[in-house]
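Structure first, commentary second.
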Amino acid sequence: MPNEAGPGTGEQAKQHALVQLRQAIARGDMAPAQRLVENELAEQFGVTRASIRAALIDLASEGLVERIRNRGSRVRVVTVEEAVAITECRMVLEGLCAAKAAVAANEEQLAELTELGEAMSKAVAAGEPVTYSELNHQLHDRIKEFSGQHVAVELLERLNAQLVRHRFQLALRPGRPQQSLSEHLAMIEAIRARDPRAAEEAVHAHLASVIEALRQ
């Protein structure tokens, strides 16, 4: 990756490093088990070692980085089986959020979900998997937000952080966006119909498909 012009020091510098590192891990620029050398990262992102260290501590709490005593930090390896186990937990929590959103969402929020579904359909038709992946992420975030179930949302944020690389790889797998599009549209339709059970079942069906894809 090219050197980044960072903000130098302080909280802004830590946040800059945090965003850059998280994105690099998600894209696969930093491979699982790769050592993360603070001096090198500080130079690359234009921040201090202290800012890098603080960012790595935050990423460790998210499950993206592993800090090893006397050996520094490395990108944490999330196995397929662990990714499956995390997705099984997501299934319960996201199903709950979808059911809540079906009841709690207002008309403006329902319209936003519809617009996201339309944008996802256009991205698939145009063969733009990265755009589709970003919209996919937005859709899941909006459903969680509209649910008003803050405890579930906090738990999901911690779970999803550990899956970011697996999710990015799935989005780029040939044929996967086409397969998951109908699943996402079913989620939107159930929420728009204000049918909590159907919304929950649609999320379960989608994440069961994700688990199957992870295992392939």
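The values are calculated or read from the model by the stated rules, or taken from the named source; none is laboratory data. Predicted, not measured: the structure shown is a model, and the values here were computed from it. Note: ideal-geometry Cβ built from the backbone for every residue, glycine included; neighbour counts use all protein chains shown. For accessibility, only protein heavy atoms count, side chains too; no ligands or nucleic acids. Shrake-Rupley method; radii C 1.70, N 1.55, O 1.52, S 1.80 Å.
In summary, the aspartates and glutamates within cross-link reach of residue 14, defined as a Cα separation below 20 angstrom excluding same-chain residues under 8 places away, comprise 4, 29, 38, 40, 43, 58, 62, 66, 157. Placing +1 on the Cβ of every Lys and Arg and -1 on the Cβ of every Asp and Glu, with nothing else charged, gives the chain a dipole about its Cα centre of roughly 840 debye. If you run the Gaussian network model on the chain, springs between alpha carbon atoms under 10 Å, then out of 126, 202, 193 the most flexible one is 126. Placing unit charges on each Cβ (+1 for Lys and Arg, -1 for Asp and Glu) gives the chain a dipole about its Cα centre, and among 73, 93, 187 the Cα reaching farthest toward its positive end belongs to 73. Approximating the spin labels as points 7 Å out from Cα along Cα→Cβ, the residue 208-to-residue 68 distance works out to 4.0 nm.
The separation of the stretch 70-87 from the stretch 149-216, counted between C-alpha centres, amounts to 20 Å. Only DSSP H runs of four or more residues enter the estimate; each adds -39500 (n - 2.57), and after division by the residues of the chain the mean residue ellipticity at 222 nm equals -25500 deg cm²/dmol.
Simple point charges give the picture: +1 on the Cβ of Lys and Arg, -1 on the Cβ of Asp and Glu, and for the stretch 68-114 a dipole about the Cα centre of about 600 debye. Our estimate of slack between residue 178 and residue 128, defined as 0.36 nm per intervening residue step minus the Cα-Cα distance, is 16.9 nm. Nearest 10 degrees is fine. How inclined is helix 49-62 to the longest principal axis of the chain, computing both from alpha carbons? The helix 49-62 is inclined about 30 degrees to the chain. In the stretch 70-141, what percent of the accessible surface is made up of carbon and sulfur (1.4 Å probe, ligands and nucleic acids excluded)? Here it works out to 53 percent. Subtracting the Cα-Cα distance of residue 114 and residue 11 from 0.36 nm times their residue separation leaves 33.4 nm of extension gain. The label-point distance for residue 57 and residue 145, in a model that sets each label 7 Å from Cα toward Cβ, rounds to 3.0 nm. Solvent-accessible area per residue in the stretch 93-216 equals 50 Å², computed with a 1.4 angstrom probe and all protein chains kept. In the chain, the longest principal axis of the Cα atoms and the axis of helix 150-172 are about 80 degrees apart.
Projecting the Cα atoms of 83, 13, 57 onto the charge dipole of the stretch 1-100 (Cβ charges, centred on the Cα centre) puts 57 farthest toward the positive pole. Sites counted here are trypsin sites (Lys or Arg not before Pro) in a DSSP loop (not H, G, I, E or B) having no more than 11 other Cβ atoms within 10 Å; the longest part of the chain that contains none of them is 72-216. A Förster radius of 41 Å, combined with the Cβ-Cβ distance separating residue 88 from residue 43, puts the computed FRET efficiency at roughly 0.50. Based on the Cβ-Cβ distance of residue 29 and residue 193, what FRET efficiency does E = 1/(1 + (r/R0)^6) give at R0 = 41 Å, to the nearest 0.05? Efficiency computed from Cβ-Cβ geometry: 0.50.
Looking at 208, 110, 147, which one has the Cα that reaches farthest to the positive end of the dipole of the stretch 90-213 (charges on Cβ: Lys, Arg +1; Asp, Glu -1)? Final value for the positive-end residue is 208. Taking 26 Å as the straight-line reach from the Cα of residue 100, the lysines in range (excluding those fewer than 8 positions away in the same chain) are 144. Given that just one value was derived from the coordinates, which of [x] 12.5; [y] 15.7; [z] 11.9 is mean projected area of the Cα convex hull in nm²? Recomputing mean projected area of the Cα convex hull in nm² here picks out [x].
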